[in-house]
């Protein structure tokens, strides 16, 4: 198969390297890091046979300092979102919405199948068509509890796309939104958060965000500038950045009951504490509950 690379950002569906890059980092995590933070046996086969073979032959091609930091952020943010989902399922939530799903693999390794959890993958139609082809090529079956919710934000809204897919807004839902907000305007971000804030009590959303340069140390600022420049070169310029404390207040003002920011130090203590391999994350996450 010729591998095209549609965007994993729920906006335009233009070609992108983001989805494959993230999936490759999840796959390399299982090959190089110990202990494992996120167990993802689907990450490698979903890449396609050629790329999977290349990674298996030489996973160290993704072990430079920048890739290690990105890998840590990818697995920590996914583990964080899935931990929040586990809490929500235990509390009775039965809808999980993955915004900008890209090549996310949760639905194909879902540990909550016995709970009747419904999983909705939201993304641009072209991205979902590409992903479904990759899944078919890898022989990965589509779970019965999975629904693709194609949303082209130029012509429809998240609410419309989810309703069409069978989402029940009167029931609580858990949302994850990873690797996306940096590419969106503040207005677009707040619109989507406002929608989630208006859902049933017990709903929640976890997402990562970029902090403003003034909130970063010198080393983190230099790394962020480098990665941002590379993203722009690939045609995926970063758009938004926030002061964490101000963002927390903005999100709370939308109507969420609990809003908490998780800084890198807290995430490293929770998921990457005292590791021999020195894996560390610089990601920042926000968790908001209705």
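Can you give the translational diffusion coefficient of the stretch 183-290 in µm²/s, computed by Stokes-Einstein from the Kirkwood radius over Cα pairs at 4 °C and 1.567 mPa s?
Estimated diffusion coefficient is 85 µm²/s.
Given R₀ = 25 Å, FRET efficiency for residue 57-residue 141 by Cβ-Cβ distance, to 0.05?
0.35
For the stretch 90-144, what size does the Cα cloud have along each of its three principal axes, sorted from largest down, in whole Å?
Over the stretch 90-144, Cα extents along the principal axes are 34, 23, 14 Å.
Report the per residue volume, in Å³, of the convex hull enclosing the C-alpha atoms of the stretch 121-226.
In the stretch 121-226, the Cα convex hull volume per residue is 155 Å³.
Highest first, please rank the peptides 199-205, 60-66 by the mean number of other Cβ atoms sitting within 10 Å of their residues.
For the peptides 199-205, 60-66, the packing ranking is 199-205, 60-66.
When N counts the residues of the stretch 197-256, how does its alpha-carbon radius of gyration compare numerically with 2.2 N^0.38 Å, as a ratio?
For the stretch 197-256, the normalised Cα radius of gyration is 1.43.
Could you tell me how many cubic angstrom of Cα convex hull volume the stretch 18-289 has per residue?
Convex hull volume per residue, Cα atoms: 129 Å³.
Place the peptides 242-249, 70-77, 277-284 in order of packing, highest mean first, counting for every residue the other Cβ atoms within 10 Å and averaging per peptide.
Top to bottom by mean Cβ count within 10 Å: 70-77, 277-284, 242-249.
Considering only DSSP beta bridges where both residues belong to the stretch 18-289, give the percentage that are antiparallel (nearest 5).
35
Taking the highest mean first, how do the peptides 102-111, 227-236, 259-268 order by number of other beta carbon atoms within 10 angstrom per residue?
Those peptides, ordered most packed to least, come out 102-111, 259-268, 227-236.
In whole percent, what relative contact order does the stretch 107-237 give with Cα contacts below 8 Å and a gap of six or more residues?
Value for the stretch 107-237: 20 percent.
Take every Cα pair under 8 Å in the chain that's 6+ residues apart, average their separations, divide by the length, and report that relative contact order as a whole percent.
Value for the chain: 20 percent.
FYI, it's all coordinate maths here, none of it is from the lab. Given the structure is predicted, the values throughout are model-derived calculations rather than measurements. Neighbour counts are summed over all protein chains in view; Cβ atoms, including those assigned to glycine, are modelled from backbone coordinates with ideal geometry.
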